[in-house]
Structures are given as structure tokens and as C-alpha cells.
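Okay, so here's the structure we're looking at.
Where a number appears in this text, it was derived from the coordinates with a stated rule and is not lab data. Since this is a predicted model, take the numbers as computed values, not measurements. When we count neighbours, we look across all protein chains shown, and the Cβ atoms used for this are built from the backbone with ideal geometry, even at glycine.
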Amino acid sequence: PTAQIGVTGLAVMGSNLARNFARHGHTVALHNRTFAKTKALMEEHGHEGNFVPAESAEEFVASLQRPRRLIIMVKAGAPTDAVIEEFAPLLEEGDVIIDGGNAHFDDTRRREKSLRERGLHFVGTGISGGEEGALNGPSIMPGGSVESYKSLGPLLESISAKVDGTPCCTHIGPDGAGHFVKMVHNGIEYADMQLIAESYDLLRRALGMAPGEIAEVFRTWNGGRLESYLIEITAEVLGHTDAATGKPFVDVVQDQAEQKGTGRWTVQTALDLGVPVSGIAEAVFARSLSGHADLRDASQGLPGPSGKKLTGAAAERFADDVEQALYASKIVAYAQGIHQIEAGSQEYGWDIDPGAVAKIWRGGCIIRARFLNRITEAYAKDRKPVTLLTDDHFAEALGAAQDAWRRVVATSVELGVPAPGFSAALAYYDALRSERLPAALVQGQRDFFGAHTYRRVDREGSFHTMWGADRDERTA
Ligand code: NDP
């Protein structure tokens, strides 16, 4: 056998990963359910490196050096289980199956356990960066055993994106940890995209700027602390003109955002873990709301402050205000995502280091951004911050941004431009900084109608007030 690694599932992601491995000097075994795809890949790109195409599963497995390492890049869900079941019986103790698809971490935990019992390593691996990243260097988030990473890690690190010479790939933690972190990555991605979209909408509707002008604003922002892939491509999309109509591209696209489900998983999991990821949730809901054409059609006649725009000094400073609101809200989205990673890590015993995660998100992935260095620094300190918001650097940035942030949210409300991402982020910030929350009243209500009891600020124990009788307080 000559191949160091095999890839089965040669659609766009699998093909590009295979080519990436070959370009880095590895011999790559190739397999796909439909052999025509394998043949097509060989014809088009076979000259790029050393490939060993295989028609059957047996041939594929026989071409792999031991411990065998084979990456599955097929449709997530049942197809992944089918492919695992096809290959597992052909493998031997110590071999490694890698699932690079977008699996739910619960599936990964189940698969890892069952394969471990059969003597095989199973590595659920998050891969971000889309097709382009798969070919030229993605961000890679592998879970699975420490032992599996010893043989697999160097291979994955060689094809990953590099920032300052450091690979954007690290062992995240056992079993489902890699897919969990990839899921939260996508949740943060949803929030980031929503916040950028709200920024565009506000600039357009509050100032009357044209998409091309707003593209320039984003281009300028990309030269500063907001520098990131998503800001960069936003400028490209906003600056693009539709060839057929000559109109701004953004005006000819239907305004209904779709989703493949990883953002929804993030929020569902956060609810189960009891983590308030309100900014990420608003982003998921905003996509969902945009898709409800019927609700939106039926609501066209509802009154609002129609057509009002900002003028004077407020208009002058508004773009700068939005930059501040965007930066602050983005910090909140990451703080919420990291909180979820920490909660998941605790629940499942993964021991994930958020700083190491931020480090491998600096390159290759969709949320790659300059400011991730700051997150890594925050978690490299001896005393880890309880939340990213209170780390010195971020606390200072939030303090400096908060006036502008409030003006932007106030403007959105006044002009009737929905900005759920900005509002939710600001509410989260204000909730954390409030000395007292009205949750005390909610506890009172719960005790009133359901005798759910409450705790007091001045004494230990649980209490219940006899609301329907003498309002005497009893120890519960
Ligand atoms: P698809 O998700 O479109 O999957 C197509 C591949 O799955 C084909 O190779 C197909 O084989 C194979 N397949 C489907 N069902 C079966 C089955 N029952 N048995 C065997 N093989 C099967 O391909 P992508 O390349 O877009 O994505 C691959 C994975 O990577 C997915 O899990 C996706 O979520 C994930 N991913 C995708 C990203 C992207 O940007 N596209 C980014 C990151 C992750 P055949 O040719 O025979 O039909």
C-alpha cells in the first residue's frame, strides 16, 4: 500500500481536500460511490500529485498504509452512517475513520462510541472554509482520541490554513468536541452575517446611501479592527452590479435567507445547555422571518415612521457609530459562542481551550478575522475571563463603543428599521452589567401562581409566601 490518506466522497469538498493533500506531497487514495466522479477527478487533476483511484471499497482500503486513515466527505446524516458501515468491517484495530462532513455532534458521539467498541478510531472533524478553503487551506477542528491525533494531526495540519506560520488545526477534544466547535463556529457566523446585514440596512435606510457607496464604507472598515473575510466579501457583493438589469446585485436578489441547519443546531443545543446565545438566536430567527413571505405580505399595510432619515450631525457621525455598534455586537456574539463552547466542554468532559479555538479560527474559515488574536490573548492569561466581555481589551472597547451602540439601536427603533442583532447584543451587555435584574419579580410571580419557591438575598434556604392566605412566609 502506498497511500497515506484516503478520501471517499468526491463531490466538491472531498475532491478539493484530496487535491490539497496531494499538493502537499501526500499520496491520496480516492473513492466515490459513483466511480465516474473518481474518473473525472483523475482526468482533470490527476497530474497535480500522487493519487490512487479505487473502484471498490476493498481496493480503496487495500491501498492505504497502516494505521489506515480515511476521510468520509459525503452528505451528512444517513449517508455518513451507510458509508461508515461499508468501510468499518474492512478495517483493522487502530485504523482511523475521519468524518469531515457537517455532522451533528450527537451523531459523532454515537459513532465514536460504537467504533471505539470495535477497536477503531473515529474522528469527527469540523472543516470550515467552503470549497475554496478545502482546496487552499481550511480551518480544521478535529475531535476524537488523543491517540488518533498523533497519526492524523500532522497530515491535517499540513493542509490547513496557516497564520504567522501556525496551522489553523488543533486537537479540539474527545469524541464530538470537533463537530460541536464547528457548530458553534457556524452559529457565530450567522450572527456576524446578520450584524453586517443590519449595518448595511441602517446605512441605506437612515442615510439613503447607495449599495456601491456602502461597499466603500465596508472596504474602509476592512482596513481597521473589523478586518475579516465576511467584511471583505460584503464589500464585493455590495459593489457588484447585475449584468442583466444594470441594477445593484443586492436589489435583484430575493430577500429570503436560507439555512442548512448548523445555526439552528447551535441554538437548539444552547437551549438544552441553558446558555443565553441571544445574538446567535436572533440571527437564526432573522433568516427564518425573512422566509415567511406570507406574514410579510400580510403586514405591508402596518404603520411605521415611513421614509424618515437622519439629518445633520446625527447623519454625519452615523457611519462611525455603526462601525462601533458592529464591533461591540460582534464581541457579544463571540462571547456567547465561547460561553456555549465552555458549557458543552463541561457537560461532555471535553476540556476545550477557547483560546486555542480562536487561534485556529484566524485563518481558513468563514469567520476568520483580525480580532481573533485578541481572544486568544484573553484566554492565554493566568486568570481566564469569566466572559470575554470583561477581559481588559474587550471591556475597554465596549466602554468606548457603548454610546454609539445605543445611538444606533435608538435610531433603528426611531426610524423603524429592524436591527434585532444589534438590539439583542446590547440587551445582553446591559443585562450582564445590571446589578439587579427583574428576574426577582419573575420569581415572585412563579411563587404566586405555582408555589415554585424563591431564595432570599439575606438568608439561606428556599421560601414560599402564602399568597392566597395570610401572606406569611414559610421555609420550603
Ligand atoms: P454533498 O453533501 O453534496 O454530498 C455528495 C457526496 O456524497 C457525493 O460524493 C455522493 O456520492 C455522496 N453520497 C451521498 N449519499 C451517499 C450514500 N448513501 N452512500 C455513499 N455516498 C453517498 O457534497 P459536498 O462536497 O458539498 O459536502 C460534503 C460534506 O462536507 C457534507 O457533509 C457537507 O455538509 C460538508 N461540508 C460542506 C461544505 C461546503 O461548503 N459545501 C463546507 C464544509 C463542510 P455520489 O457521487 O455517488 O452521489
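Using only the Cα atoms of segment 288-412, build the gyration tensor, take square roots of its eigenvalues as a ≥ b ≥ c, and label the shape rounded, prolate or oblate: rounded if a/c is under 1.5, else prolate if a/b is larger than b/c, else oblate.
In terms of gyration-tensor shape, oblate.
What is the extension gain from Ala315 to Glu232, computed as 0.36 nm multiplied by their sequence separation minus the C-alpha to C-alpha distance, in nm to one decimal?
Taking Ala315 through Glu232 to full extension adds about 27.4 nm, to one decimal.
Describe numerically, in nm with one decimal, the distance between label points set 7 Å from Cα along Cα→Cβ at Ser288 and at Asp458.
Modelled inter-label distance: 4.3 nm.
For Gly223, what charge total do you get from the other residues with a beta carbon under 11 Å from its beta carbon, if Lys and Arg give +1 and Asp and Glu give -1?
Summing Lys and Arg as +1 and Asp and Glu as -1 gives +1.
What's the longest piece of the chain with no exposed trypsin sites (Lys or Arg not before Pro), counting a site as exposed if DSSP puts it in a loop and it has at most 16 other beta carbons within 10 Å?
Counting at most 16 other Cβ atoms within 10 Å as exposed, the longest clean stretch of the chain is 119-224.
Using 0.36 nm per residue, how much length does the chain from Gln256 to Val413 gain when fully extended, once their Cα-Cα distance is taken away?
So the extension gain works out to 54.3 nm.
Tell me, Val253, Val275 in order of fewest to most beta-carbon neighbours within 10 Å?
If I rank by nearby Cβ atoms, fewest first, I get Val253, Val275.
Any chance you could check the Cα centroid distance between segment 187-235 and segment 317-391 for me, in angstrom?
20
For a quick check: with amide H placed at 1.01 Å from N, whose amide H comes under 5 Å from Arg33's, ignoring anything fewer than 5 positions away on the same chain?
Gly9, Leu10
What order do you get for Ser288, Ser158 when you list them from fewest to most C-beta neighbours inside 10 Å?
Ordered by Cβ neighbours within 10 Å, fewest first: Ser288, Ser158.
Measure nothing fancy, just the Cα-based angle from helix 105-117's long axis to the longest principal axis of the chain, in degrees from 0 to 90, nearest 10.
Relative to the chain, helix 105-117 is tipped by roughly 40 degrees.
Please say if the chain is rounded, prolate or oblate, where rounded means a/c under 1.5 for a ≥ b ≥ c the square roots of the C-alpha gyration tensor eigenvalues, and otherwise the choice is prolate for a/b larger than b/c and oblate otherwise?
Oblate.
Roughly how big is the chain's charge dipole about its Cα centre, with Cβ charges of +1 (Lys, Arg) and -1 (Asp, Glu), in debye to the nearest 20?
280
Going from the alpha-carbon gyration tensor of segment 46-85, what semi-axes, largest first and in whole Å, does one get by taking the root of 5 times each eigenvalue?
They are 21, 13, 10 Å, listed from largest to smallest.
Pairing the Cα long axis of helix 146-159 with the longest principal axis of the chain, what angle in degrees results, from 0 to 90 and rounded to the nearest 10?
90
With the crude spin-label approximation of a point 7 Å out along Cα→Cβ, what separation in nm comes out for Leu432 versus Glu117?
Spacing of the two 7 Å Cα→Cβ label points: 4.1 nm.
Just rank Asp458, Asp321, Asp403, fewest to most, by other beta-carbon atoms within 10 angstrom.
Ranking Asp458, Asp321, Asp403 by Cβ neighbours within 10 Å, fewest first, gives Asp458, Asp403, Asp321.
Add +1 for every Lys or Arg and -1 for every Asp or Glu among the other residues with Cβ under 15 Å from the Cβ of Asn16, and state the total.
Value of the local net charge: -1.
Given a Förster distance of 60 Å, report the FRET efficiency between Glu213 and Ala469 from their Cβ-Cβ distance, rounded to the nearest 0.05.
In this case the efficiency is close to 0.35.
May I ask which residue of Pro420, Ala440, Val457 lies farthest towards the positive end of the charge dipole of segment 349-476, with charges of +1 (Lys, Arg) and -1 (Asp, Glu) on Cβ and the Cα centre as origin?
Checked the options; the winner is Pro420.
Looking only at segment 100-125, which residues have a backbone nitrogen under 17 Å from a spot 7 Å from the Cα of Glu85 in the C-beta direction?
107-108, 110-116, 118
Give me the extension gain from Glu347 to Ala400: residue separation times 0.36 nm, minus the current Cα-Cα distance, reported in nm with one decimal.
15.6 nm
With Cβ to Cβ distances under 13 Å as the rule, what net charge do the other residues near Lys381 carry (K, R +1; D, E -1)?
Local charge sum for Lys381: -2.
Label segment 1-95 by shape, choosing from rounded, prolate and oblate, from the square roots a ≥ b ≥ c of the eigenvalues of the Cα gyration tensor; if a/c is under 1.5 it is rounded, and otherwise prolate applies when a/b is larger than b/c, oblate when it is not.
Oblate.
Rounding to the nearest 10 and keeping the result within 0 to 90°, find how far the Cα-based axis of helix 177-207 lies from the longest principal axis of the chain.
Once rounded, one gets 50 degrees.
How high is the FRET efficiency between Arg296 and Glu147 when r is their beta carbon distance and R₀ equals 41 Å, given to the nearest 0.05?
Computed FRET efficiency for Arg296 and Glu147: 0.20.
Among the lysines, select those whose C-alpha is under 29 Å from the C-alpha of Lys359, and discard any that sit fewer than 8 residues away in the same chain.
Result set, ordered by chain and number: Lys75, Lys113, Lys150, Lys162, Lys182, Lys260, Lys330, Lys381, Lys384.
Which percent, nearest 5, of DSSP beta bridges in the chain are antiparallel?
40
If you take the beta carbon distance between Thr390 and Arg446 as r and set R0 to 30 Å, what does 1/(1 + (r/R0)^6) give as a FRET efficiency, to the nearest 0.05?
That gives a FRET efficiency of 0.50.
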